[in-house]
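*Asks:* Here it is, the structure in full.
The values are calculated or read from the model by the stated rules, or taken from the named source; none is laboratory data. Everything numeric in this text was worked out from a predicted model, so none of it was measured. Note: ideal-geometry Cβ built from the backbone for every residue, glycine included; neighbour counts use all protein chains shown.
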Protein chains: 2
Amino acid sequence: MPDPVIAAVGASPIGRTDLPGRDLFSVALGEAFDGLPDPADIVEAVYVGNQSESYEHQIMHGTLLAEWAGLRHVPAERVEGCAAAGALALRHAVKDVRNGEHDAVLACGVEKMTAGGTGGATDALSAAFDRAIEQRSGVTAPSQYALLAQRYLHEADATERDLAEIAVKNHDNATRNPRAQFPKAVDVETVLESDPVAPPLKLFDCAPVGDGAAAVLVTTPELAGEFDRPTVTVAGTGASANNIAVAERNMTEIAGAEVAAETAYEEAGVDAAAVDVAEVHDAFTVCEALLSEAVGFAPEGTGYQSYLPPEERADGWTDVELSTSGGLKARGHPIGATGLLQAIEAYEQLTGAAGDRAVEGADTAFLLNEGGVADAVTVAHVLTTEVSP
Amino acid sequence: MPDPVIAAVGASPIGRTDLPGRDLFSVALGEAFDGLPDPADIVEAVYVGNQSESYEHQIMHGTLLAEWAGLRHVPAERVEGCAAAGALALRHAVKDVRNGEHDAVLACGVEKMTAGGTGGATDALSAAFDRAIEQRSGVTAPSQYALLAQRYLHEADATERDLAEIAVKNHDNATRNPRAQFPKAVDVETVLESDPVAPPLKLFDCAPVGDGAAAVLVTTPELAGEFDRPTVTVAGTGASANNIAVAERNMTEIAGAEVAAETAYEEAGVDAAAVDVAEVHDAFTVCEALLSEAVGFAPEGTGYQSYLPPEERADGWTDVELSTSGGLKARGHPIGATGLLQAIEAYEQLTGAAGDRAVEGADTAFLLNEGGVADAVTVAHVLTTEVSP
């Protein structure tokens with residue numbers, strides 16, 4: 001069975017929107033299927049990444065979005081691993097197609113974070129922390145990641161300015177991405193002087209809250225051949241869960257990401273050095289540093305150099321370009337959709353659709369989507385322009 | 001690749017408990033793995049069925065329960081299709097093993113319905129209704145199913161007493177099931193005179209609220225051969241989503257269940273007549289009637305006769321025995337665990353472990369787990385004592 005391909009992609013605008021989640025999905029689906037057959041004529045199963053029922057008091061997003069796509073009587077379900085939900089949906093689509101379960105599967109993600117709901121985004125996201133160990137202390141996502149950042153700055157030869165430079169780079173990339181929530185350049189002083197959120201993390205170290213939806217059609221290469229679209233091969237997928245509570249892990253060793261990445265590389269028959277472009281879940285600037293090390297781009301303690309041109313990075317760094325989309329930081333982070341937005345950036349980079357943010361000659365992309373605090377669940381994918389036999 | 005087998009099962013007590021969800025899971029896991037190797041030595045992936053984060057303000061049940069099982073760095077995720085979440089977890093385990101993705105996968109489900117949480121069970125379950133069309137009118141699960149029951153009694157030659165007899169049968173079955181939440185016989189007058197909930201449904205037409213967890217180990221037949229346990233083959237699986245809103249469907253035609261069942265039968269190479277025992281999601285008594293028709297056990301308009309001995313049912317009815325566990329009605333319905341509790345009943349019926357509720361000579365079991373109101377999502381499985389080649 002040849003590797004599956006991504007045959008079409010689409011996304012809604014990202015940010016504070018007037019549309020409910022289902023309608024954001026319709027926008028994403030409409031872009032993906034523009035010029036293609038009707039979804040009902042080809043899609044055989046649907047997976048939806050969605051983080052929280054609390055925003056819109058809605059579960060059953062599998063059924064809801066399948067219906068909104070005009071599908072009846074296909075398997076459809078929601079998958080959830082907090083912010084890794086989108087990549088989990090993609091992973092199921094990939095597995096179903098490569099195993100011959102289906103010829104065409106729709107992987108989608110949606111989050112309506114600004115809807116408020118029960119307790120707003122801070123409350124909804126805190127449900128990803130261990131209820132018994134972490135939630136009762138009132139920690140939030142930024143305060144959890146701040147622990148990792150403090151430790152990273154203690155262990156590595158890095159400064160708050162280095163983390164700020166990651167934000168500067170990602171905002172700069174976003175200026176060239178029409179999908180970005182914040183297509184706006186910032187300078188390093190702006191980041192360093194932005195409001196403290198949880199030291200050492202400041203406002204501009206943190207990905208924003210936003211609504212958004214994304215849709216990715218995964219098919220057999222044969223079926224994709226019937227559409228007038230470029231395709232990208234999904235050559236490898238890996239996933240790993242680690243302890244949910246930060247206190248039970250080494251905060252700067254994102255061990256699950258190592259496993260997920262290694263699995264995906266192995267399936268794809270490549271190593272980290274082969275990767276030209278990568279999106280590595282920069283929910284906070286420190287994530288890009290930590291994950292660059294975990295997935296094999298950077299030697300230990302040097303991941304923070306992701307903002308430097310390849311020739312200026314420490315020995316052992318690969319030439320990969322990180323967060324060309326603007327990343328979670330500036331492209332945006334509508335939780336359940338994020339893993340699929342990462343896939344869309346890879347698709348656009350590898351099919352010549354990335355405009356003036358294109359990385360020249362890019363033929364291999366790597367994606368890392370994580371849920372909970374860093375390592376709680378991680379999902380990796382390798383995409384290539386090569387067509388498998 | 002031979003069909004996967006269920007190699008071990010376990011469940012927590014069902015009902016109002018003092019334990020949090022994760023500890024209910026530990027009880028279930030402990031039963032399943034008693035005498036087996038440590039989960040960390042064999043389990044390669046984990047799927048968790050869980051309906052609502054609102055009860056315990058906890059998402060990421062994949063990671064949480066994998067950690068609680070002592071597993072590290074395996075793929076683990078939550079799947080959700082309201083009350084069909086448990087069968088969705090089982091379905092993923094079955095697909096992963098039959099496709100060679102893994103040799104051993106843990107399918108589990110948990111719900112801590114009595115925890116209260118944001119708005120209690122009624123509020124949590126209402127999130128399964130269409131937010132735009134249904135929720136704003138204040139409908140609840142019983143009031144939605146009452147619409148189906150009213151229509152069914154109008155169309156079929158059935159009475160409220162017939163529905164009550166289904167409850168009587170299931171309560172009687174539960175008296176022989178040590179796992180049952182309500183192992184207590186009731187007479188038909190008790191059911192008919194119980195408090196009205198949403199006419200024509202009365203208290204005893206409705207499955208109870210309860211906490212519970214279940215764990216089912218799915219493996220290759222080869223790996224299962226290393227354990228000193230009987231096994232059951234999962235010969236077929238099917239799933240289908242339909243419109244989420246009741247108003248957009250024919251209320252008495254559970255069309256998605258027809259598709260899911262047909263898929264599972266076809267994969268298993270059997271027809272409805274081959275089924276000896278079945279659990280068909282009697283969340284409300286009318287469900288057993290409607291689903292008996294949809295999955296091919298009963299001719300249209302006669303499903304309500306499930307409580308009669310086979311020889312007294314209408315022509316065209318099969319000999320299947322329904323809800324031998326006591327069903328959702330009396331065995332209990334801890335939402336995310338229910339699909340796996342159904343599988344446990346099938347396992348016990350087919351391996352001679354059903355004690356004095358055993359259906360003599362049973363070699364084929366059928367399971368139908370549904371989420372939302374009846375047909376919103378349905379998942380079917382066929383289990384047999386036959387070992388596939």
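*Asks:* The conditions are (1) more than 7 Å from chain A (Cβ to nearest Cβ); (2) surrounded by fewer than 24 Cβ atoms within 10 Å (Cβ to Cβ); (3) out of contact with any helix residue (DSSP H, G or I) (no Cβ under 6 Å at 6 or more places or on another chain), and B:Asp103 fails exactly one of them. Which is it?
*Replies:* Every listed condition holds for B:Asp103 apart from (3).
*Asks:* Say whether the condition of being within 14 Å of chain B (Cβ to nearest Cβ) and at pLDDT 95 or above is met by at least one residue in region A:336-352.
*Replies:* Within region A:336-352 (the criterion being within 14 Å of chain B (Cβ to nearest Cβ) and at pLDDT 95 or above), the answer is yes, since at least one residue qualifies.
*Asks:* Also, quick follow-up: Kindly evaluate B:Glu262 against the criterion of being in a loop (DSSP other than H, G, I, E, B) and not aliphatic (A, V, I, L, M).
*Replies:* no
*Asks:* Next question, about the same structure. In region B:38-58, how many are touching a strand residue (DSSP E or B) at 6+ places or on another chain (Cβ under 6 Å) and not polar (S, T, N, Q)?
*Replies:* Qualifying residue count for the region: 10.
*Asks:* Moving on to the next point. Consider only pairs whose beta carbons are under 6 Å apart and that are at least six residues apart or on different chains; among these, list those whose first residue lies in region B:292-305 and is in the same structural domain as B:Thr252 (by TED's automatic domain parsing) and whose second residue is among the polar types (S, T, N, Q) and not in a helix (DSSP H, G or I).
*Replies:* Every condition considered, the pairs that remain are B:Phe297/B:Thr318.
*Asks:* Out of (1) in a loop (DSSP other than H, G, I, E, B); (2) away from chain B (no Cβ under 13 Å), the odd one out for A:Ala8 is which?
*Replies:* A:Ala8 satisfies every listed condition except (1).
*Asks:* Within region B:242-257, how many residues turn out to be assigned to a helix (DSSP H, G or I), touching a helix residue (DSSP H, G or I) at 6+ places or on another chain (Cβ under 6 Å) and either facing chain A (nearest Cβ under 10 Å) or modelled with pLDDT of 95 or more (or both)?
*Replies:* 2
*Asks:* Would you confirm whether any residue within region B:161-183 is touching a strand residue (DSSP E or B) at 6+ places or on another chain (Cβ under 7 Å), polar (S, T, N, Q) and surrounded by 16 or more Cβ atoms within 10 Å (Cβ to Cβ)?
*Replies:* There is at least one residue in region B:161-183 that is touching a strand residue (DSSP E or B) at 6+ places or on another chain (Cβ under 7 Å), polar (S, T, N, Q) and surrounded by 16 or more Cβ atoms within 10 Å (Cβ to Cβ).
*Asks:* Which of the residues belonging to region B:106-134 are within 21 Å of B:Ala245 (Cβ to Cβ) and of a type in the set (Lys, Arg)?
*Replies:* Within region B:106-134, B:Arg131 is the sole residue that qualifies.
*Asks:* Would you confirm, using the coordinates I've provided, whether B:Leu201 is buried (at least 16 other Cβ atoms within 10 Å of the Cβ), in contact with a Pro (Cβ under 8 Å, 6 or more places away or on another chain) and more than 14 Å from every other protein chain (Cβ to nearest Cβ)?
*Replies:* yes
*Asks:* In the set B:Ala337, B:Ala346, B:Ala380, B:Ala362, which member is assigned to a strand (DSSP E or B), of a type outside the set (D, E, K, R) and under 14 Å from B:Glu279 (Cβ atoms)?
*Replies:* Going through B:Ala337, B:Ala346, B:Ala380, B:Ala362 in turn, just one is assigned to a strand (DSSP E or B), of a type outside the set (D, E, K, R) and under 14 Å from B:Glu279 (Cβ atoms): B:Ala380.
*Asks:* May I pose another question? Working only within region A:295-319, note down all residues that are under 17 Å from A:Glu253 (Cβ atoms) and aromatic (Phe, Trp, Tyr).
*Replies:* Correct list: A:Phe297, A:Tyr304.
*Asks:* Conditions first: (1) away from chain A (no Cβ under 12 Å); (2) of a type outside the set (Gly, Ala, Ser); (3) more than 21 Å from B:Leu147 (Cα to Cα). B:Thr237 passes all but one, so which condition is the exception?
*Replies:* Only one criterion in (1) away from chain A (no Cβ under 12 Å); (2) of a type outside the set (Gly, Ala, Ser); (3) more than 21 Å from B:Leu147 (Cα to Cα) is unmet by B:Thr237, namely (1).
*Asks:* Restricted to region A:275-319, and to residues that are assigned to a loop (DSSP other than H, G, I, E, B), touching a helix residue (DSSP H, G or I) at 6+ places or on another chain (Cβ under 7 Å) and small (Gly, Ala, Ser), which residue is surrounded by the fewest Cβ atoms within 10 Å (Cβ to Cβ)?
*Replies:* A:Ala314
*Asks:* Just one of the numbered conditions (1) surrounded by fewer than 24 Cβ atoms within 10 Å (Cβ to Cβ); (2) under 23 Å from A:Thr114 (Cα atoms); (3) in contact (Cβ under 8 Å) with a residue 40 or more places away in the chain; (4) of a type outside the set (Val, Ile, Thr) is not true of A:Ala89; which one?
*Replies:* Condition not satisfied by A:Ala89: (1).
*Asks:* Mind listing whichever residues of region B:89-112 are out of contact with any Lys or Arg (no Cβ under 9 Å at 6 or more places or on another chain) and assigned to a helix (DSSP H, G or I)?
*Replies:* B:Leu90, B:Arg91, B:His92, B:Ala93, B:Val94, B:Val97, B:Arg98
*Asks:* On to the next question. Could you count how many residues in region B:46-94 are more than 8 Å from chain A (Cβ to nearest Cβ), over 17 Å from B:Ala343 (Cα atoms) and small (Gly, Ala, Ser)?
*Replies:* Summing the residues that are more than 8 Å from chain A (Cβ to nearest Cβ), over 17 Å from B:Ala343 (Cα atoms) and small (Gly, Ala, Ser) in region B:46-94 gives 2.
*Asks:* Being charged (D, E, K, R), in contact (Cβ under 8 Å) with a residue 60 or more places away in the chain and over 12 Å from B:Ala69 (Cα atoms) is the filter here; which residues of region B:2-43 pass it?
*Replies:* Scanning region B:2-43 gives B:Asp3, B:Arg16, B:Glu31.
*Asks:* If you check B:Glu370 against the conditions, is it more than 18 Å from B:Ile6 (Cβ to Cβ), within 14 Å of chain A (Cβ to nearest Cβ) and not in a loop (DSSP other than H, G, I, E, B)?
*Replies:* Criteria met by B:Glu370.
*Asks:* Go through region B:121-145 and give me each residue that's away from chain A (no Cβ under 14 Å) and over 20 Å from the mean Cα position of the chain (by Cα).
*Replies:* Hit for region B:121-145 is B:Ser143, nothing else.
*Asks:* Just one of the numbered conditions (1) out of contact with any helix residue (DSSP H, G or I) (no Cβ under 7 Å at 6 or more places or on another chain); (2) surrounded by fewer than 21 Cβ atoms within 10 Å (Cβ to Cβ); (3) more than 14 Å from chain A (Cβ to nearest Cβ) is not true of B:Ala28; which one?
*Replies:* Only one criterion is unmet by B:Ala28, namely (2).
*Asks:* Which members of region A:72-86 meet the condition of being without any contact (Cβ under 8 Å) to a residue 60 or more places away in the chain, crowded, with 24+ Cβ neighbours inside 10 Å and part of a loop (DSSP other than H, G, I, E, B)?
*Replies:* Correct list: A:Pro75 only.
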